[in-house]
1. Per the Kirkwood formula on distinct C-alpha pairs, the Rh of the range 223-315 is how many angstrom?
2. Mark the label point 7 Å from the Cα of S162 along Cα→Cβ and return the residues of the range 1-22 whose backbone N is within less than 19 Å of it.
3. Stick to the Cα atoms of the range 3-143, pair each with every other, and give me the Kirkwood hydrodynamic radius in Å at one decimal.
4. List the pair-distance distribution P(r) of the range 149-269, using every Cα-Cα distance, as the percent of pairs falling in each 10 Å bin from 0 up to the bin containing the longest distance, rounded to whole percents.
5. As a test of the formula, what do you get for the chain when each DSSP H run with n ≥ 4 contributes -39,500 (n - 2.57) and the sum is divided by the residue count, at 222 nm and rounded to the nearest 500 deg cm²/dmol?
6. Counting other beta carbons within 10 Å of each Cβ, put R122, R56 in order, fewest first.
7. I want to verify the translational diffusion coefficient of the chain in µm²/s; compute it with Stokes-Einstein, Rh as the Kirkwood radius over Cα pairs, at 4 °C and 1.567 mPa s.
8. Need one number: % antiparallel among DSSP beta bridges in the range 145-266, to the nearest 5.
Amino acid sequence: MPDLSIEIAGVRLANPLVLASGIWGTTPELLERAARAGAGAVTAKTCTPGPRRGHRNPTALDWGHGLLNAMGLPNPGAEEEAGMLAEARRRISPLGVALIASIAADTVEGFAEAASIVSRARPELIEVNISCPNVAAGHGEMFAASPDAAAEATRAVKRATSIPCLVKLSPQVADIAAVARAVAAAGADGITAVNTLPGMLVDAETGLPILANRTGGISGPALKPVALRCVYEVCAAVGIPVIGTGGVGTGVDALEMISVGATAVGVGTAVAAGGEGIFARILDEMGGWMIARGFGSLAAIRGRAHRAPPVGRESNLPPVPGWRPA
Ligand code: SIN
């Protein structure tokens, strides 16, 4: 079996698969289940400084090409979350699996508060969710919408905790590379790219939006090409490591994410659809694919899209300037 281990923001993972936030991240038992099933790291559901009820049902729908969800960040608040994270850490640390807390807030101060509270549980990493498409931050738009706001939230978290932080970006911005550069300059230790992409489904009979929130975030297979493009642009722009997330459900999907420059790979909707067996399947497929092609490590695959011409086509495109393995 090829070496699938990676390092992200100083944390060593046995393999690059990360349970994405929002799927199974609400209890220690579910996080442990993903860890036992083979994830290299597991991310908890996002918490905010205080409790949030979330949106009314219906909040999620499988539309055949992935999920559309607008949960509205339901969570018990950072204090209770810290207790949940401490218990999750107690269960998964002996398995050699890293725990990632996830935080969001309406204000810069709220990001600092949530970061400081969840840090008590000593997760290995904190994901800073500045990109939920289903709630408006205090200033009316997500922090990920502007490089300055994204950098401010990042700086606040970095001041509040010594735990390395990964900033989660949105695909719904004009220039994701600019946002990535801003959070990297503000001290982010890594980036998660990307959150869901806003979308909508309508019931033809009633003519009404299906989700109670009307719009929601698209995840799963429909998001994959968007996510690959975003990760490609982010990796060309910054040297910090990236968790590539969006539509990964097979070993080949995961290797494509690594080819565009990702260090690790988030798996979310595929876990919801296929259960925990998905981690072992993806890892087996990655190993088999790499053996068949003579790749001994992920380092040899990482970033190939930045060097190679498009498959089947002559290309005179120069390599993307500035890209280097994280
Ligand atoms: C939600 O809770 O509405 C989704 C969370 C996210 O996409 O960040």
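1. 13.6 Å
2. Those under the cut-off are 9-12.
3. The Cα-based Kirkwood calculation yields 15.5 Å.
4. P(r) over the range 149-269, rounded to whole percents: 14, 39, 29, 13, 3, 0.
5. Mean residue ellipticity, 222 nm, calculated: -10000 deg cm²/dmol.
6. Working: R122 14, R56 11.
With the sparsest Cβ surroundings first, the list reads R56, R122.
7. Numbers: Rh = 19.5 Å.
In µm²/s, the coefficient rounds to 66.
8. Bridges in the range 145-266 that DSSP calls antiparallel: roughly 40 percent.
Since every read-out is calculated from the coordinates, none of them should be taken as a lab result. Not measured: the values here are computed from a predicted model. Note that each Cβ is placed from the backbone with ideal geometry, even for glycine, and that neighbours are counted across all protein chains shown.
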